[in-house]
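Peer 1: Just dropping this structure here.
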Amino acid sequence: MGQTKIFVKTLIKNIAIIILGIIIGALSAFQAISTGWSVEVRKNNAWRMHQNYASAELSIYARAYLERSGHLPLPQDQAIYFFSYKDSDGNDLTANCDYEINGDDFQVYWWSISLHDSDFIKFENPSRRYSFNMANLVRQNDGRYKISISAKAKTGNWLPVNDQAAQDGAAFMLSLRLYGVERIMIGEAEQLSLPSVKRLGCS
């Protein structure tokens, strides 16, 4: 009888360990898929570049992360993708705040700046305006540009967020995409002069 009790306790203990291992593994996989673990990140101020997005050696978790986000990148000898979830002072980007993006042109074939929600989905708004590119920006006399991000209408280059997102203080992100890049730009990604993202005020 005593041996039976010991066997049952041991069996229950082993089952509990197995279940705990499965739970931890599932949570780790979910975290990796949700956040892009094993995607190598290079930083340039508020912007981040995912170094190995198009690599054949990318892990299965990182590949699942890309599929979940809907982001299917070109190889880095063709394009560079930068992302930002923060302003230039390190504060999270939230829809209840107004921002101003300041920047200059890039020596590339094509580039664009887009606004997304925190899941990398376009930020719906009544104006159906989600991005600006090198061809449709209104520029200053010196060739530079400013882009306003706000729930309130702005003159010039304005990327709107919807009223509900502004009321909720919803998080959002920006993407900067450069196409037709020179190889030297890839190696010097941390030193490139990228647009600043300044927070002007919050409601």
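Taken together, the values in this text are just the output of simple stated rules run on the coordinates, not laboratory data. Quick caveat: nothing in here was measured; it's all calculated off a predicted structure. Reconstructed Cβ throughout: ideal geometry from the backbone, glycine too, with neighbour counts over all protein chains shown.
Peer 1: Residue by residue through the stretch 123-132, what is 3J(HN,Hα) from phi via Karplus (6.51 cos²θ - 1.76 cosθ + 1.60, θ = phi - 60°)? Round to whole Hz and write x for glycine and proline.
Peer 2: 7, 4, 7, x, 7, 6, 10, 10, 7, 10
Peer 1: Now a separate question. Between residue 104 and residue 164, what is the label-to-label distance in nm when each label sits 7 Å out along the Cα-to-Cβ direction?
Peer 2: Spacing of the two 7 Å Cα→Cβ label points: 4.2 nm.
Peer 1: Let me ask something else. As a footprinting exposure proxy, order 163, 117, 98 by other Cβ within 10 Å, with the fewest listed first.
Peer 2: Ordered from fewest to most neighbouring Cβ atoms within 10 Å, 163, 117, 98 come out as 163, 117, 98.
Peer 1: To continue, here is another question. Please give, to one decimal in nm, the separation of the simple spin-label points placed at residue 203 and residue 141, each 7 Å out from Cα toward the Cβ.
Peer 2: Placing both labels 7 Å along Cα→Cβ, they lie 3.4 nm apart.
Peer 1: Moving on to the next point. Would you order 110, 158 from fewest to most other beta-carbon atoms within 10 Å of each residue's own beta-carbon?
Peer 2: With the fewest neighbours first, 110, 158 line up as 110, 158.
Peer 1: Can you tally the net charge around residue 175? Count Lys and Arg as +1, Asp and Glu as -1, for every other residue whose Cβ sits under 14 Å from the Cβ of residue 175.
Peer 2: In short, +2.
Peer 1: Run down the aspartates and glutamates and flag those whose C-alpha is under 15 Å from the C-alpha of residue 43, throwing out any fewer than 8 positions away in its chain.
Peer 2: 87, 89, 188, 190
Peer 1: Based on the Cβ-Cβ distance of residue 43 and residue 130, what FRET efficiency does E = 1/(1 + (r/R0)^6) give at R0 = 30 Å, to the nearest 0.05?
Peer 2: That gives a FRET efficiency of 0.75.
Peer 1: Using modelled backbone amide H atoms (1.01 Å from N, in-plane), which distant-in-sequence or interchain residues come within less than 5 Å of residue 151's amide H?
Peer 2: Here the answer is 161, since their amide H atoms fall under 5 Å of that of residue 151.
Peer 1: Fewest to most neighbouring Cβ within 10 Å: what's the order for 155, 94?
Peer 2: Starting with the residue having the fewest Cβ neighbours, the order is 155, 94.
Peer 1: Could you compute the net charge surrounding residue 161? Neighbours are other residues with a C-beta less than 11 Å from the C-beta of residue 161; K and R count +1, D and E count -1.
Peer 2: -3
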